[in-house]
1. Kindly list the number of the only condition in (1) of a type outside the set (S, T, N, Q); (2) over 30 Å from residue 431 (Cβ atoms); (3) surrounded by fewer than 15 Cβ atoms within 10 Å (Cβ to Cβ) that fails for residue 768.
2. Please work out which residue is farthest from residue 503 (Cα to Cα), limiting yourself to region 547-566 and to residues that are in a strand (DSSP E or B) and open to solvent by 50 Å² or more (accessible area, probe 1.4 Å).
3. Within the group 661, 635, 655, 646, which residue is free of Cβ contacts under 8 Å to residues at least 24 places away in the same chain and in contact with a Ser or Thr (Cβ under 9 Å, 6 or more places away or on another chain)?
4. Looking only at region 338-395, how many residues end up being touching a Cys at 6+ places or on another chain (Cβ under 6 Å) and of a type in the set (Gly, Ala, Ser)?
5. Pull up region 696-716, narrow it to residues that are out of contact with any Asp or Glu (no Cβ under 8 Å at 6 or more places or on another chain), part of a helix (DSSP H, G or I) and touching a residue at least 12 places away in the same chain (Cβ under 8 Å), then point me to the one that is least open to solvent (accessible area, probe 1.4 Å).
6. Scan region 773-790 and tell me whether some residue there is of a type in the set (S, T, N, Q), at negative phi and at pLDDT below 95.
7. Would you tally the residues in region 259-305 being acidic (Asp, Glu) and open to solvent by less than 30 Å² (accessible area, probe 1.4 Å)?
8. Just to be sure, is residue 162 in a helix (DSSP H, G or I) and either over 30 Å from residue 69 (Cα atoms) or among the charged types (D, E, K, R) (or both)?
Amino acid sequence: MTPENAYIEVAVALPVYKTFTYSVPEDLLPFISVGKRVLIPFGRRRVTGYILGTPQDITPGEIKHILDVLDEQPLFPQSMIPFFQWISDYYKHPIGDAIKNGLPGGLTLYDYASIALAKEGKRVLKENCATPLERNVLMLLEAGPVRLKNLSQKLNQIIPAALIQSLQRDGRILKIRELKDAATKSRMERFVTLADATLPFDRLSKPRKKILAILKSDGEIPVAELKKQVPSAARLIRALENDGYLKVRHKRMYRDPFGEPIIPDSAPALNVEQQSVVAQVTGCLDHGFATFLLQGVTGSGKTEVYMQVAAETLSKGKRVLVLVPEIALITQMERRFRARFGERIAVLHSGLSAGERFDQWSRIIQQEADIAIGARSAIFAPFTDVGLIVVDEEHDTSYKQENNLRYNARDLAVVRAKLNDCVALLGSATPSIQSRYNVSAKKFFEVKLEERIKSRPLPKVKIVDLREEMGYRGVRRFITPELQQAIKDSLQRNEQVLLFLNRRGFANLALCASCGNPLRCKYCDISLTFHQKANAFKCHYCGFSRAATSNCAICGSSDIKKLGLGTEKIEVAINELFPDARVARMDRDTTTRRGSIVKLLKGLRDQTIDILIGTQMIAKGHDFPGITLVGIICADLSLSFPDFRAGERTFQLLAQVSGRAGRGASPGRVILQTYNPDHFSILAAKDQDFNSFYAQEMSFRKALNYPPFSRMIQLKISGKDKLKTRDQAARLGDLCKALKTSKPSLYGSVEIMGPIEASLAKIAKRYRWQILLKGVRAKALHKFIGQLLADNPTAFHNPKVRVVIDVDPISIM
């Protein structure tokens, strides 16, 4: 970049849709590269921006200088800019914020308004001539500047803006802008090495001699390691450095997110089906973009297919990106890939600390990793030369981000593969309806694994009708005699058991015995769930809790009946029925601590757990050969959701959890308990028959014009004021209808459903409404929402009511 052309296009890490042109001071020109962060003036603030390149057109007028370049090397390659631009356009999200969401957290700089105590304020305090409220503010500022937005919270009272303006006008306080530093940085460690071995050691103290002897023997070592051998090393090093005996330097160190060492393995011989799939996929690696849907029954060896295709990709000098839906599955996938490919693996997921994730990101940038494995955010891994993108369990709804940038990582995998002219490989035993439809539409190629490895049989599934147990009381209502006997038989054979219930807690409904009203969340339109270990009623949406001794809020009665069940109640019942069994539970309540998931999975692998009870976390892709029995406590829970995808989710969940049984040498068995034994989703899951489920589900979707026969965009409207939220929803609805009416030839195919209150009308103090836009023509639908947003920006940026655009929503609740 030359001084005559010293302009850059910058995306700002704020909710603004366009990019901006900045000039570069001559002294910063050598440091400018696409993908680096810059500190820029933006209005009266200083914020982070991302360099996208040279602007196409430069608008005449005052162009501001950047203030600084924040990175030594780019955080993402230039090849990813079209990817970020596509995301911004498709999901109607500001591009700078889209980039910020893709990068490791804690890298954004911005400034904020603070107030500080002035000399006049100190005088007023000393002479005690301020009002009580003014005095409270000034006394708080004696300890140092305070952010304006935190002032009322720190004083626990509302501070009027007029008071702040008065204090500033009278010279008692100063308004300043402070720069918030990035929270995530490289980890630097001090290393020492011998500088001059010829200098005499004779007159040195014993500790100093020992330090020099260690350095002579071991060479350069970290100061931290040296301190283990010589505790006083830290204070002696500087003196030895000044005397010329040793040299000290700082080196970047990567924080290690991996667990125990992995024993290397080698690729096993593939069966005929696996060989065929690998041949078809690798045959396309040199022929541009292609997407494959790998439909393989549970236990058919899909992961081995991924690894052998990955090996072929690496041999061609390309990089591999592997997505898995849950952090719990990353550990298993990472172990298998590390055993095969060594330490050139990077992991990217939210379970890492900010520093660890930044280090893994940097390893990819530095080309020290060839394969990245992670959850949905790993789709942004900064590879320059991707050759293969694998999406395991592609049907899983966890790939959809449900806040801020609402992207679907599975869909972005296909988009990134297309932009990089490479192969996307989507795998599942229970493919999503959308992906299977893309096969029939000739957008994807289909490959299949129809048999388990080593010709092991699929588990036998027995349906047990829970309606026949409704007359009984106690544990028999949810642990039927047939399931109890099956557990007993498995334990006697030293086999492992998995019990599945997709509901955590002890009792999901707490009713007042006097007036019949449920205990409800203070901030949500939902009843509370009783958690026995915490001895409290909890809301699973906002975290609100009430003590177990709470009385009814309506009538004051203390007689609260705890009805229903959750994984916690199942755990208590199983411990009573099988007191000698080693029982563990895997749900959100037991996996919040770091390392807890790995510990549970290790217990299963090492067979120190006999019975594992869990929610959907245990249903996804885990491979534990010792599990021979799966008990599904109640198969109907997800069928009751007011969502057109309820049947699809139920089938996928039941088929997946059933597939955990019999993956080793011993055959598997499934006891499926249900109140709806004749429902087509349950019957198809029993037989692991995706094709029959797909045929029936598609006829239902087509009749109602639901995806994949149409596309949807959801407008989610929420606010703390009930009437203002309702009115804003009504206004948006009127704007939608007016736009459709104004251009019937262009937008006539767009169907406007709503506005209507959401199924959960209030969550976390916010009232919720929604509008659903549906259309058979995706381009027309996206053009509609784009024009609606461009023509009515104030309708989408109301300070009192939040409006969120959710493209291709997974949940419409």
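The values are calculated or read from the model by the stated rules, or taken from the named source; none is laboratory data. Just so it is clear, the structure is predicted and the values come from calculations on it, not from any experiment. Because the Cβ atoms are built from the backbone with ideal geometry, glycine has one as well, and the counts that use them run over all protein chains shown. For accessibility, only protein heavy atoms count, side chains too; no ligands or nucleic acids. Shrake-Rupley method; radii C 1.70, N 1.55, O 1.52, S 1.80 Å.
1. (3) is the only condition that residue 768 fails.
2. Going through region 547-566, the residues in a strand (DSSP E or B) turn out to be 547, 560-563.
Still in the running and open to solvent by 50 Å² or more (accessible area, probe 1.4 Å): 547, 561-563.
Numbers: 547: 21, 561: 18, 562: 15, 563: 13 Å.
So the residue we want is 547.
3. Of 661, 635, 655, 646, the one residue that is free of Cβ contacts under 8 Å to residues at least 24 places away in the same chain and in contact with a Ser or Thr (Cβ under 9 Å, 6 or more places away or on another chain) is 646.
4. The qualifying residues number 1.
5. 701
6. The answer is no, given that none of the residues of region 773-790 is of a type in the set (S, T, N, Q), at negative phi and at pLDDT below 95.
7. Initially, region 259-305 is screened for residues acidic (Asp, Glu), giving 260, 265, 273, 286, 304.
Filter again for open to solvent by less than 30 Å² (accessible area, probe 1.4 Å), leaving 304.
Looking only at that region, the number is 1.
8. Answer is yes for this residue.
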